[in-house]
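Please read the structure below before turning to the comments.
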Amino acid sequence: MRPLVSVVVPTYNRPHPLAELLESLSRQTYRHFEVVLVNDGGERVDDIVALYPELDVHLIHCRDNIGHVEARNIGVKAANGELVMLCDDDDLLLPSHMERMVAEIADADFVYSDVEIFHYRVENNQRIPTARFLFAYEYDREAMRKFSTYVPSGSLYRKAIHDCLGYFDPYVHHYWDWDFFLRVSAACRVKRVAVASVLYAFADNGDNLSRQMDDKRRMYLNRLSEKHGLGDLPMKNFWLLLEEPEVKKRRANSKVIWDGFPIVSRLAERQNRV
């Protein structure tokens, strides 16, 4: 029996990246999945979903903007699948990703893959990749208490994990994924899949949450540290952290499968025809 996968996606006013994600989901070789799309108080996305009738999309509209962490919690609670796959609305999954992850979880509770970070520019409603960086690091739980190399997009886990560990913690906000990873890895079987089958978006204009460094981020980082006893965590620029010796020594080999071409959505195709 093929397990049902629930792909949980929070979204907020990013119609074109969301359409690209749905396009990438429509190309998956594994077909037994649903998409739980939580619109976090943004503009309606019904017309974007309608462009992909072959996808089983459960669309949840939040009246207010409650934040991406709570939106994910709503999505997970509404999921029908035995397995949950997380994905941000601006990231992309390569066609073989879901099939591979379902196979890999057979002897684990939680699996995550390597990713390629891609920079891009926007041209005619389409993200055009301008540079790419392989983000692949050995799984080392102790080392990941200081610097997490877990990217939530595309990770797959057994929904029953939430029965034991609870849901995502909005109290740590920016670091909800790091917090969840530390909780899961302390109690469950975790596996890294050494294939870069997820594309993680970094805008060339710097408009990315991972690049913002402000007082709120420090507050949330301190909360995370207190919760897990992590000590004094650095708040360096993301790219500078990757150059730290203890991070560089964990760099790992990975299978790179992306051809480098953009994933063109039906929304972009339709708008560009006008």
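The values are calculated or read from the model by the stated rules, or taken from the named source; none is laboratory data. Keep in mind the model is a prediction, meaning the values are calculated, not measured. Ideal geometry is used to build each Cβ from the backbone, glycine not excepted, and the neighbour counts take in all protein chains shown. The area values use the complete protein model at the heavy-atom level, side chains included, leaving out ligands, DNA and RNA. Shrake-Rupley method; radii C 1.70, N 1.55, O 1.52, S 1.80 Å.
Key figures
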read-out	value
Boolean, Y52 is modelled with pLDDT of 95 or more, among the hydroxyl-bearing types (S, T, Y), open to solvent by less than 60 Å² (accessible area, probe 1.4 Å) and more than 26 Å from Y175 (Cβ to Cβ)	yes
Number of the exception - A71 against (1) open to solvent by 70 Å² or more (accessible area, probe 1.4 Å); (2) touching an Asp or Glu at 6+ places or on another chain (Cβ under 6 Å)	(1)
Residue list for segment 1-44, filter: free of Cβ contacts under 8 Å to residues at least 60 places away in the same chain and either of a type in the set (D, E, K, R) or open to solvent by less than 10 Å² (accessible area, probe 1.4 Å) (or both)	R31, E34, V35, V36, L37, V38, N39, D40, E43, R44
Residue count, segment 247-261 (criterion: open to solvent by less than 70 Å² (accessible area, probe 1.4 Å) and touching a Phe, Trp or Tyr at 6+ places or on another chain (Cβ under 8 Å))	3
Residue list for segment 233-254, filter: assigned to a loop (DSSP other than H, G, I, E, B) and acidic (D, E)	E243, E244
Answer from T149, T130 - the residue that is within 17 Å of the chain's Cα centre (by Cα), on the phi < 0 side of the Ramachandran plot and either open to solvent by less than 40 Å² (accessible area, probe 1.4 Å) or not charged (D, E, K, R) (or both)	T149
Test: residue in segment 64-78 that is in contact with a Ser or Thr (Cβ under 8 Å, 6 or more places away or on another chain) and of a type in the set (D, E, K, R)	no
Flag for E99 being surrounded by fewer than 20 Cβ atoms within 10 Å (Cβ to Cβ), touching a residue at least 24 places away in the same chain (Cβ under 8 Å) and acidic (D, E)	yes
Helices (runs of 4 or more DSSP H) contained entirely in segment 1-117, each with at least 3 residues that are in contact with a strand residue (DSSP E or B) (Cβ under 8 Å, 6 or more places away or on another chain)	15-26, 68-78, 97-104
Criterion: touching a strand residue (DSSP E or B) at 6+ places or on another chain (Cβ under 7 Å) and among the hydroxyl-bearing types (S, T, Y) - qualifying residue of Y157, Y167	Y157
Among (1) surrounded by fewer than 19 Cβ atoms within 10 Å (Cβ to Cβ); (2) at pLDDT below 95, the one test that P170 misses	(2)
Options V38, V45; residue that is in contact with a Gly (Cβ under 6 Å, 6 or more places away or on another chain) and within 11 Å of T11 (Cβ to Cβ)	V38
Single unsatisfied condition, L230 versus (1) at pLDDT 95 or above; (2) part of a helix (DSSP H, G or I); (3) more than 28 Å from I74 (Cα to Cα)	(2)
From the options E104, E43, E23, E70, residue that is under 29 Å from G260 (Cβ atoms) and in contact with a helix residue (DSSP H, G or I) (Cβ under 9 Å, 6 or more places away or on another chain)	E23
